[in-house]
Structures are given as structure tokens and as C-alpha cells.
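The values are calculated or read from the model by the stated rules, or taken from the named source; none is laboratory data. These figures come from a predicted structure and were not determined experimentally. With ideal geometry, Cβ positions are generated from the backbone for all residues, glycine too; neighbour counts draw on all protein chains shown. Only protein heavy atoms, including side chains, enter the accessible area calculation; ligands, DNA and RNA are left aside. Shrake-Rupley method; radii C 1.70, N 1.55, O 1.52, S 1.80 Å.
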Amino acid sequence: MPARRTSIHGEWSSRLAFILAATGSAVGLGNIWRFPYVTGESGGGAFVILYLVCVAAIGLPVMMAEIMLGRRGRQSPINTMRTLAREEGRSPAWQYVGWLGMAAGFLILSFYSVIAGWTLAYALRSVSGVFNGATAEGVAAIFEEFISDPERLLAWHTIFMVMTTIVVSRGVKSGLEQAVRYLMPALFVLLVVMVGYAMNTGQFEQAVNYLFTPDFSKITSGVVLNAMGQAFFSLSLGMGAIMIYGSYLSHTASIPRTAAIIALMDTLVAILAGLAIFPLVFEYGLAPSAGPGLIFQTLPIAFGQMPGGALVGFLFFVLLVFAAWTSAISLVEPVVAWLVENRGMQRVKAAALTGLMAWLCGILALLSLNLWSGDARFTFFGKGFLDLFDWVTSNVMLPLGGLLISVFAAWIMTRESSRGELGLANGMGYTLWRVLVRYVTPVAIGLILLNKTGILTP
Ligand code: TRP
């Protein structure tokens, strides 16, 4: 076995620090903004069950594989894949898994920052009291007006991208641990408060039924793909974010337990978000399939009616900004690590360059909401740039990355290599993981992708 590598970018101070950072990456807009809207578009219960199955059967094993590869390679995903492939005597072409991930991270960051910008704007709006006593129609009108103003969206998008770039340029570890340690629990508490409020709307039961009673007739190849895509997006898998965080993890930490904790917390937050939002959707007669604006068209109604709602709304959106912030950082980190390693760039410069490029790309997403909305020249497969970036990254690029990572971890790496690195003392646990990553995840991902493209229609 080769001598243990160390990362030139440093190491987490403890296993807890890694758990906090990885949870910070996983918990974000994906749980609170994306999960409810994709659930609504996919018809509810059946989608939720499929999503949970994907988290357990695909997400968890792939997460373990990603952390394991990262810790063994100790470099940016591109260099990690190249190094590990060489070590196993295989083709350096495996580095393209890292390139695919970098491209996905870029695209995600670009629209992620736009949505995080909405969240920033909504924090300010809540506290200013514009939602006080507003009706569902009023809140919807405020939202429509907001997204039709490109200049305002651009201002918030810019602020968020600058915030992200600043943290990354100072190194991922300083500051991040503190943010996650205190702000994540606070977000959690506020989410529970929102669920408590939703319980009193009278439509709580309907929402619970909607979320947890599967209507299997609603399952189509698209719904299955959405569920898998949501699992990858929400857990930050398939692009190297968790891999790079794993590369800063100490050798003594147990990977399986760590991964299980992260997946559990992430899933819990998503379910709570669903329970907070759908009772409002039904109470006010809104369409569950309203799309990416869903939480911005529902939650403000509740903030406008509850006592102290201006403050609760403000806190909620501020905490959501922090959750998005700690996620966005993990999207930039693989690119920055690569620029530092391969181009000898200073961290600050690398972060600024990455942020600038993603900011430019985000402008395409932003304009698709207003100036280019419905313009055939900027519409692809019926989607504008924002929807297109969102769909193609989650439903194609991340699963493809996950598939290749599984194949690499289970077919290219030898048993000795992966077993030693995973730290699964328990022989049965290791066998289960290996069977999952060798057969179950690659086959499942492959079938779901092929099925959707129509190559394999039942
Ligand atoms: N998981 C984050 C969320 O739910 C988003 C995110 C951060 C992400 N890093 C990622 C998604 C890497 C895919 C890949 O908001």
C-alpha cells in the first residue's frame, strides 16, 4: 500500500468538523426550495417514497464511495481520480469523472446563486412588513413582479456570489464550522416552528396524505428520474463536492457512520420542509406544481398572518441563506482546489475567477425568468436556462457522475484498497456496501437514465 498522502489544502480539525461541513453542503436550497417544488411537480406520495428509496439504496453507498475516494486521493476530484487510477494500473482517463463533476458544479452554482438571491431579497421583504396580512394572490403578485425585474435579481445574485467567493478564498474551514454548528440547529428549530404553524391550518392531514400516501399510478419514468436526481442533488453527490471534503478528513474517522448521519439529517430537513409547505399550499388553494416559485408563494402567506411573522419570516429566510451559503461553498471548492494544484494559482485568485465565471453563467439563468422567458431562441426542450441547468445537472450529470464513481470504487479499485480505506471492521457491512456499489447502484442508475431517454421503455 502506498504511503498515506496528506492534502496540501489542510485537514478538518475533527470528525465532527467534517460532519458539520458535509451536512452544511448537503442541507441547503435542495431541501427547502427544491424538494417541495419537485415533489409538487411529480405528484406527491409516490415520488417521496421513491426519493427515500434512492437516498438509502443509491445515495448512501455512493456517498461512502465518494468520501473514501477523496480521503485516499487527497486532491481535487480530477487529480484524485487520476492518481487513484494510476495506482490501480488503470487509464488516466478516469480523471474525466472529475471534469464532468466540475462542469456540473459550475452549472449548479450559477442558478443556485440566483435562487439564493431570491432568499436574500425575501429576508429583507419579510422584515419590512410587505407580507403583513397579504392574501395568496397578493403574495403571488409580489413574487411575479420580483422575478420580472432583471436588475433586482442581478443585484441579489451578485451579492450572494460575492459572499460565497469570500468564504472560499479564505479557505473552507475557517468560519464554516462555526456557521454550521449554530445556524443549522437554528434553521431546524425554525422549520419545526413552521411545521407547528402548518399543523393548525386545517389542511395538515391532507398534506400528510399527499406526501406519504403513494399513488402508484403517478409513477412514470420521469418521476423515477426526478426522485433519483433529487437524491443526488440534495446529498451533494456525483460531482466531487463530498469527495473534496473527504480529502480533508482524517484517517481515523469511520466513513460509514459519518455518511449515515449526514444522509439522515439531510432527509429529515427535506421532510420537515414538505410538512411546513404543503398544508399552506392546500389551505390557500395553490397548485402543488407551481414550480420553482413554490416556497416563495406559500411561506410568506403564513408569515403575513402569524403573530410576529415579520420577524419569523426574516429569521427563516436569513437562516436559509446561511444554509445555501454553506452549500454553495462546496460547489466552488473542487474547482478552486484544482486551480491551486494544477495552475499554481493563489487561493484568492482561484476563488475570484471561479465566482466570476459562475456569476456570468448565472446571468443566463436569471434572464430566462424575465427578458427571455418564453423566447424560443433561448428555450431548449421547453425549458429556459434556469430550468434547463437545474434539470440537466440533477437528472443527468450527477447520476452519471455517481455511476462512474460507483464503477470506479467497486470494479477498478481492488478489494484491499477500498476495504482498508472505508474502515468497515465488520465484514458483513463491507460485503453489503460492495454488492450495492458493484451491482445495485450502477445498474439502477443506468436503467433509470436509459428508461427516461426512451431507449428502454417498458
Ligand atoms: N446539496 C445542496 C442542497 O441541497 C446543493 C449542493 C451543494 C450540491 N453541493 C452540491 C448539489 C454538489 C450537487 C452536488 O442545496
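Yes or no: the stretch 87-101 includes at least one residue that is small (Gly, Ala, Ser) and touching a Pro at 6+ places or on another chain (Cβ under 6 Å). Yes, the stretch 87-101 contains at least one residue that is small (Gly, Ala, Ser) and touching a Pro at 6+ places or on another chain (Cβ under 6 Å).
Hey, among 315, 319, 286, 331, which residue is out of contact with any Pro (no Cβ under 8 Å at 6 or more places or on another chain), over 30 Å from residue 82 (Cβ atoms) and within 15 Å of the ligand (Cβ to nearest atom)? Write out each step before concluding.
Values: 315 fails: within 15 Å of the ligand (Cβ to nearest atom); 286 fails: within 15 Å of the ligand (Cβ to nearest atom); 331 fails: over 30 Å from residue 82 (Cβ atoms).
Testing whether each residue is out of contact with any Pro (no Cβ under 8 Å at 6 or more places or on another chain), over 30 Å from residue 82 (Cβ atoms) and within 15 Å of the ligand (Cβ to nearest atom) leaves just 319.
Could you please let me know if residue 292 is of a type outside the set (Ser, Thr, Tyr), under 27 Å from residue 204 (Cβ atoms) and within 16 Å of the ligand (Cβ to nearest atom)?
It is true that residue 292 is of a type outside the set (Ser, Thr, Tyr), under 27 Å from residue 204 (Cβ atoms) and within 16 Å of the ligand (Cβ to nearest atom).
Among residues of the stretch 69-104 being farther than 21 Å from residue 423 by Cβ and of a type in the set (S, T, N, Q), the one that is most open to solvent (accessible area, probe 1.4 Å) is 91.
Looking across the stretch 401-430, the residues that are free of Cβ contacts under 8 Å to residues at least 24 places away in the same chain and exposed (fewer than 13 other Cβ atoms within 10 Å of the Cβ) come down to 415, 425, 426, 427, 428.
Inspect all residues belonging to the stretch 174-182 and state whether any of them is without any contact (Cβ under 8 Å) to a residue 12 or more places away in the chain, open to solvent by less than 80 Å² (accessible area, probe 1.4 Å) and farther than 17 Å from residue 23 by Cα. Checked against the condition, which is being without any contact (Cβ under 8 Å) to a residue 12 or more places away in the chain, open to solvent by less than 80 Å² (accessible area, probe 1.4 Å) and farther than 17 Å from residue 23 by Cα, the stretch 174-182 yields no hits at all.
The residues of the stretch 226-252 that are open to solvent by 10 Å² or more (accessible area, probe 1.4 Å) and away from the ligand (no atom under 15 Å from the Cβ), listed by number, are 250, 251, 252.
Listed here are the residues, each with its yes/no results for (1) in contact with a helix residue (DSSP H, G or I) (Cβ under 6 Å, 6 or more places away or on another chain); (2) within 23 Å of residue 436 (Cα to Cα); (3) away from the ligand (no atom under 16 Å from the Cβ); (4) not in a loop (DSSP other than H, G, I, E, B).
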site	(1), (2), (3), (4)
348	yes, no, yes, yes
356	no, no, yes, yes
363	no, no, yes, yes
374	no, no, yes, no
398	yes, yes, no, yes
404	yes, yes, no, yes
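Take the conditions within 15 Å of residue 139 (Cα to Cα) and under 23 Å from the mean Cα position of the chain (by Cα) and apply them to residue 296. Does it pass? It is true that residue 296 is within 15 Å of residue 139 (Cα to Cα) and under 23 Å from the mean Cα position of the chain (by Cα). The residues in the stretch 17-52 that are open to solvent by 10 Å² or more (accessible area, probe 1.4 Å), touching a Lys or Arg at 6+ places or on another chain (Cβ under 9 Å) and within 12 Å of residue 262 (Cβ to Cβ) can be counted, and the count is 1. Only one of the listed residues (276, 260) is buried (at least 20 other Cβ atoms within 10 Å of the Cβ) and in a helix (DSSP H, G or I). That residue is 276.
Against the test of being touching a Gly at 6+ places or on another chain (Cβ under 9 Å), open to solvent by 10 Å² or more (accessible area, probe 1.4 Å) and assigned to a helix (DSSP H, G or I), the options 116, 140 yield a single qualifying residue, 140. Of all residues in the stretch 193-240, those that are over 26 Å from residue 450 (Cβ atoms) and in contact with an Asp or Glu (Cβ under 7 Å, 6 or more places away or on another chain) total 3. So, of the residues in the stretch 18-44 that are within 11 Å of the ligand (Cβ to nearest atom) and of a type in the set (Val, Ile, Thr), which turns out to be nearest to the chain's Cα centre (by Cα)? Restricting to residues being within 11 Å of the ligand (Cβ to nearest atom) and of a type in the set (Val, Ile, Thr), the top hit is 27. Selection of the stretch 314-343 for residues being polar (S, T, N, Q) and surrounded by fewer than 24 Cβ atoms within 10 Å (Cβ to Cβ) yields only 342. Screening the candidates 125, 152 for the property of being open to solvent by 20 Å² or more (accessible area, probe 1.4 Å), charged (D, E, K, R) and over 19 Å from residue 364 (Cα atoms) yields one hit, 125.
Within the stretch 233-244, residues that are closer than 12 Å to residue 69 by Cβ have Cβ atoms under 7 Å from residues that are within 6 Å of the ligand (Cβ to nearest atom) and open to solvent by 10 Å² or more (accessible area, probe 1.4 Å) in these pairs: 242/236, counting only partners at least 6 apart in sequence or on another chain.
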